[in-house]
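Colleague: This is the structure I have questions about; it appears just below.
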Amino acid sequence: MTHQSSTQAVPIVSGVPRHIAIIMDGNGRWATRRFLPRVAGHHKGVEAVRNIVEACVTRGVEYLTLFAFSSENWRRPAEEVSLLMRLFVTALEREVAKMHANDIRLKVVGDLSRFDARLQELIANAERRTANNTRLTVTVCANYGGRWDIMQAVGKMVAAHPGETAFSEEQLAPYLAMAYAPEPDLFIRTGGEERISNFLLWQLAYTELHFTDTFWPDFDATALDRAIASYQQRERRFGRTSEQLVEQKKAS
């Protein structure tokens with residue numbers, strides 16, 4: 001299913017974001033400030049994921065997208081990358097059954113070819129097992145980059161339309177890695193940095209942005225509620241004027 005683009009039509013806006021995307025930043029710094037090894041922060045970060053998934057379910061969020069490992073994260077020390085891969089495997093082994101029991105669908109998007117065969121197999125099995133679940137779709141972006149996403153989509157689109165030289169957004173949209181999900185309503189980045197970092201570059205065109213100094217391991221349901229409250233104060237115009245929104249509200 002391909003969802004409508006916010007640059008092509010005005011989406012329906014609800015009080016609770018339908019789709020929340022999060023850059024989970026600050027695991028290492030959380031650990032360092034406690035004189036702990038960085039691995040302790042990553043383990044604590046997995047607990048935060050579990051808590052936020054539960055919070056999204058209870059608040060009626062339909063899609064939660066988490067930036068777990070970017071295409072640029074391979075630049076980190078080899079030992080830390082190896083640890084993150086092992087942690088990913090452990091999380092899949094432990095959490096998928098719980099997600100399935102709670103009617104949660106898991107998707108993993110990115111260039112998965114760089115992962116070892118065991119991890120690729122776990123991802124494929126998890127996606128198959130949870131494919132028909134409808135309560136919440138959790139997407140983990142792993143070895144993902146926004147520019148990679150656009151380029152791979154362009155490559156597939158061109159291959160599917162040999163000889164054509166002019167294309168539209170509608171033609172490209174089905175080939176994006178997250179064509180199954182609507183564009184995010186709310187983007188959250190923890191850890192104090194205020195940048196997008198090559199995350200969902202196409203999809204964030206009209207997303208509301210929320211930055212917090214809270215490190216990811218400390219980001220809990222209360223922090224999520226603060227982000228949602230901030231979102232609810234925004235005026236989502238999608239190119240229109242405030243006066244048009246007032247008139248629309250009067251007419252409805």
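The values are calculated or read from the model by the stated rules, or taken from the named source; none is laboratory data. As the structure is a prediction and not an experimental result, all values here were calculated from the model. Don't worry about glycine lacking a Cβ; one is built from the backbone with ideal geometry, like all the others, and counts go over all protein chains shown. Quick note on the areas: whole protein, heavy atoms, side chains included, nothing else; ligands and nucleic acids left out. Shrake-Rupley method; radii C 1.70, N 1.55, O 1.52, S 1.80 Å.
Colleague: Does at least one position in the range 190-199 carry a residue that is out of contact with any Leu (no Cβ under 7 Å at 6 or more places or on another chain) and aliphatic (A, V, I, L, M)?
Modeller: Taking every residue of the range 190-199 in turn, none turns out to be out of contact with any Leu (no Cβ under 7 Å at 6 or more places or on another chain) and aliphatic (A, V, I, L, M).
Colleague: Taking Leu64 and the conditions (1) among the hydrophobic types (A, V, I, L, M, F, W, C); (2) surrounded by 16 or more Cβ atoms within 10 Å (Cβ to Cβ); (3) within 15 Å of Glu127 (Cβ to Cβ), which numbered condition does it fall short on, given that it satisfies the others?
Modeller: Evaluating Leu64 over (1) among the hydrophobic types (A, V, I, L, M, F, W, C); (2) surrounded by 16 or more Cβ atoms within 10 Å (Cβ to Cβ); (3) within 15 Å of Glu127 (Cβ to Cβ) leaves (3) as the failure.
Colleague: Please state which one of Ile52, Ile23 is crowded, with 17+ Cβ neighbours inside 10 Å, in contact with a Phe, Trp or Tyr (Cβ under 6 Å, 6 or more places away or on another chain) and at pLDDT 95 or above.
Modeller: Ile23
Colleague: Further question on the same structure: Quick check on Glu79: is it closer than 17 Å to Thr130 by Cα and open to solvent by 30 Å² or more (accessible area, probe 1.4 Å)?
Modeller: No, not satisfied.
Colleague: Kindly check whether there is at least one residue in the range 74-90 that is in contact with a strand residue (DSSP E or B) (Cβ under 9 Å, 6 or more places away or on another chain) and charged (D, E, K, R).
Modeller: no
Colleague: Scan the range 132-153 residue by residue and report those that are more than 17 Å from the chain's Cα centre (by Cα), open to solvent by less than 50 Å² (accessible area, probe 1.4 Å) and under 25 Å from Val96 (Cβ atoms).
Modeller: Residue satisfying the conditions is Asn133 alone.
Yes/no per residue for (1) open to solvent by 10 Å² or more (accessible area, probe 1.4 Å); (2) of a type in the set (Lys, Arg); (3) modelled with pLDDT of 95 or more:
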{"position": "Thr2", "(1), (2), (3)": "yes, no, no"}
{"position": "Thr7", "(1), (2), (3)": "yes, no, no"}
{"position": "Ile12", "(1), (2), (3)": "yes, no, no"}
{"position": "Gly28", "(1), (2), (3)": "no, no, no"}
{"position": "Arg34", "(1), (2), (3)": "yes, yes, yes"}
{"position": "Pro37", "(1), (2), (3)": "yes, no, no"}
{"position": "Val57", "(1), (2), (3)": "yes, no, yes"}
{"position": "Ser71", "(1), (2), (3)": "yes, no, no"}
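Colleague: In the range 2-42, what count of residues is obtained for those that are out of contact with any Ser or Thr (no Cβ under 9 Å at 6 or more places or on another chain), farther than 25 Å from Arg237 by Cα and not basic (Lys, Arg)?
Modeller: Final tally of qualifying residues: 11.
Colleague: Take the residues in the range 117-131 that are within 18 Å of the chain's Cα centre (by Cα) and of a type in the set (A, V, I, L, M); name whichever of them is most open to solvent (accessible area, probe 1.4 Å).
Modeller: Per the stated criteria, the residue is Ala131.
Colleague: Follow-up question, since we're still on this one. Restricting attention to the range 6-31, report how many residues are touching a Lys or Arg at 6+ places or on another chain (Cβ under 7 Å) and either closer than 12 Å to Glu208 by Cα or of a type in the set (Val, Ile, Thr) (or both).
Modeller: 3
Colleague: Is at least one residue of the range 182-192 closer than 23 Å to Ser71 by Cα and over 14 Å from the mean Cα position of the chain (by Cα)?
Modeller: yes
Colleague: Let me ask another. Being small (Gly, Ala, Ser) and either surrounded by 15 or more Cβ atoms within 10 Å (Cβ to Cβ) or touching a Lys or Arg at 6+ places or on another chain (Cβ under 6 Å) (or both) is the filter here, so list the residues in the range 82-95 that pass it.
Modeller: Result: Ala91, single match.
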